[in-house]
Structures are given as structure tokens and as C-alpha cells.
Amino acid sequence: MKNNHLRNRIISFLFSFGIIATGSYILFIKPPTTRLSMELRTATTFIGPTIDNVSEGYFQSTFESAFSDQFIKRTWWLKAYTFLEHTLYDWSLPNKKPMTLVWIGEDVYTFPANEDYLTAFPVLKNASYEEGIARFTENVNAIAEKYQDVHFYVFKPFRINESDWFDEDNDLTSYGQIYSQQFFSSFSDRILVADNRIDSFETYKKYYFKTDPHWNIYGSYEGYRILVSLFQQYYPEIEPYEYTGVYCFEDFDYYGQYGRNSAYLTEPDCFCDLNFDLPEYRTLVNGVERQYDQKEAFKNGTIEEFYWNYIYSVYHGNDESEVHFQTELNTGRNLLVFVDSYSSPLKALLAAHFDNAYFIDPRINKDFNFREFMAEHEITDVLYLGFYGSLYSNAEGSNEDYVFEDY
């Protein structure tokens, strides 16, 4: 008994000493972490206590967040924890089928058919989805009716979690395909609609990243060709640009949104780009003329290291409130596009067929005035390009709709 008591005291002492030593190192010695690559955000750092921030509880909550963000080998610990949790979840499913969903991170799942491909949980029946689609399509129909001399288009990229591929092996009924059909069938004949429908997982692998919900460069190029086919119904002289080569970052392991959320536990993607000979253009970002994409900075290695973590957006050009491409083609055509992140690889390609192309991100540009913009810029074509959740509401289930005008 006496030995047990002594042993417990020694263990308690060592445990307390370890906590104090670790905390002291994090607080006073370790250089602060400024950015977290896994979450793509600025790390919380320690602040000094004051009467105000202590009484308001801000110091306490900030201290907890900072201790977590500044912890020694934080990414390693998160990876180890996620691996353990994923392994236990995997073991709890003894009779897995090819498309059985296995949790591997925050709203991220893998499946035995190909464990390097990741997905969010399938879209289920959701009244907010239905209401949002109805409000959005009704509004677009009314706007198209108002502007009879303008051509309207809607293009919705495919996402793996709106497929029905996982239904049978997970004993569920997904609604992604149902909502897609509802979406497209709700537009009037004034509006040309299309998507890059993916009918099988084998086809999906050709056009999409393993670790990200976005299309890869071949998927986005296929989307571009489909969009050109829509434009050709009004402008038969338009032809798609053919790519002249492929550039890949062979020594870089790309992990997209799903890959980061699952703590880099699966195989990475190879990030590639297609080369094109496009007409010259100038770009204005939120009204300021500057270079939009960061392609050359990535290729020559001068980009800040942190930005490699979300190369998909930064390489092609980050999400911005408004991006204006201006050419000297003298086509008489001016394009207005409402976009989300799926448009990143497409902006320059689409702009190459118009005198002016304006890309508006409704997630950022919440004060956009449709009537004023149409009057000021002589718009001939309006395109809605993005996943419908991004274009009609701030988030799934949100009451904040991106319906810009009432008609």
C-alpha cells in the first residue's frame, strides 16, 4: 500500500510537471504559430490580461483557443487523433460494401471502392434546399423575362455528394439528383441550362480531385466546352479554345478541402494546369487594375509558402467581390457572371469570347445592384455559374438569400 501511494504521488508529480513545462514552453519559449495550414486560417495567439478582457471572459476564451492553436506539433496530434478515430469507426463496420461510407474527418468520408477518394455525406431531404431552389429559380425566371434582349444561362457543376452512388450500400435515400432535376426543370424556356452530368464513379475520377469537391483542370475544361456550346446557340461563330499543353507541379502534394479536413490521411492529388493561347486582356479586381491570377508566382516559386495550401483558388485567382476582364476583341458582347469557387479555372477562358466579362461572387458582393449594373454596362449575356447552394443562399439551410432584385 505504501509503495502504491508513493508511486501515485510520483506519477501525479511527473504529470503536473509535464503540464507546467509544456505550458511554459508554449507561453514563453516557442515561436508563435501565425497560420494554420490545415484550417486555412490565422492562428489565435496569446494576449495579455486586462481588467476589461478578464471581466468580459474574452481573455479566458482567447487563452483556450490560443493554447490549442499554439500547441507543440499541433498538426501531428490532430493527424494522430483523426487516424485513431477513423480506425475505430472503420472497425465498427465489419461488413463494408464497396460504397460504404467510413468517417475520416469533419463531414468527410472515404469508401472501400477507392479509399483515396473522399466525399461529404450525401445530400438528404431538406426543406430549406427545396425552398431555396424555388426562390432562386423563380427570381431568375422573373429577371430573364424582364430583360428580353439579354441571353440567360445557368450552369451547375456536379458534386459527388449529390450522386445516388452511396444509397444502396448505406441504406439511405439521397436527394441530390432529385434536387438537381427540380432545379433545372424550374427554369423557363428563356434560360439555357446545363451541367456536367457525371454518370459513374469511373468518369468522376477523370474529372475531379480525390481530396477536394472541385473539378480538376480536365473537369473544368469540360465544363468550359459545355458552356461554349450554350453560347453557340446565340453566337455560332464562337469556338472553344484548345489547350496547347499541360503543366503539373510534380513535386507538390495537393490536399483540397476534404483532404485537409481528414488530416492528410489519404493520398494527395497532383495539381495541374492547361496552357492556352488566349487574346490579351486586362483585369480589374474590385475596380483596381492588377494581375488577378498567381500562376507565374507559383511556377517560379516566389509565392508565399502558406498559399500552397489552397493553390486551387489562389493560383487561378482568389474569390473576389468583382473581377472584370477587358479585351479588345470588339465582339459587341458583354458578359455578367455570378460565380462561386468552381469558376476559378474558367474566368480567363470565358472572358476570351467577350469584350468585357464581369464576375460577381454573391457570397462576398452582398450589396450588388442588378438593375444599376445592367444599365451601366450594356450587358448582353448573364450566366449563373456555380453549385446552386452557393448562388442562392449563404449556407445550406440559411435564410440569407442571394436574390438581388424583386420583379
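Assuming 0.36 nm per residue, please report the length gained on full extension of the stretch Glu280 to Ser92 beyond their Cα-Cα distance.
Result for the pair: 62.0 nm of gain on full extension.
Please report Phe276, Phe136 as a ranked list, fewest other C-beta atoms within 10 angstrom at the top and most at the bottom.
So the residues, fewest neighbours to most, are Phe276, Phe136.
Work out, in µm²/s and without decimals, the Stokes-Einstein translational diffusion coefficient of the range 45-128 at 37 °C, 0.692 mPa s, Rh from Kirkwood over C-alpha pairs.
D = 203 µm²/s.
Would you mind putting 185-196, 281-292, 334-345, 218-229 in packing order, based on average other-beta-carbon counts within 10 Å, highest first?
Output ranking for 185-196, 281-292, 334-345, 218-229: 334-345, 218-229, 185-196, 281-292.
Relative contact order for the range 304-369 using alpha-carbon pairs under 8 Å, separation at least 6, rounded to a whole percent?
Relative contact order for the range 304-369 comes out at 40 percent.
Straight-line reach only, C-alpha to C-alpha below 30 angstrom: list the lysines that Lys96 could link to, leaving out same-chain residues fewer than 8 apart.
Lys79, Lys125, Lys205, Lys206, Lys210
Based on the Cβ-Cβ distance from Phe63 to Glu305, what FRET efficiency comes out when R0 is 25 Å, to the nearest 0.05?
The value I calculate is 0.35.
Length gain on complete extension for the stretch Tyr234 to Tyr81, per 0.36 nm per residue less the alpha carbon to alpha carbon distance?
49.6 nm
Quick check: the distance between the Cα centres of the range 322-349 and the range 60-104, to the nearest angstrom?
40
Just check the range 190-342 against the gyration tensor rule for me: Cα atoms, a ≥ b ≥ c as the square roots of the eigenvalues, rounded for a/c under 1.5, and otherwise prolate or oblate depending on whether a/b exceeds b/c.
The shape class here is oblate.
In terms of the Cα gyration tensor, with a ≥ b ≥ c the square roots of its eigenvalues, is the range 127-392 rounded because a/c is under 1.5, prolate because a/b exceeds b/c, or oblate?
Taking the square roots of the gyration eigenvalues as a ≥ b ≥ c, the range 127-392 is oblate.
Read-outs: derived from the displayed coordinates by stated rules, not from any lab. Predicted model only: the values in this text are computed from it and were never measured. With ideal geometry, Cβ positions are generated from the backbone for all residues, glycine too; neighbour counts draw on all protein chains shown.
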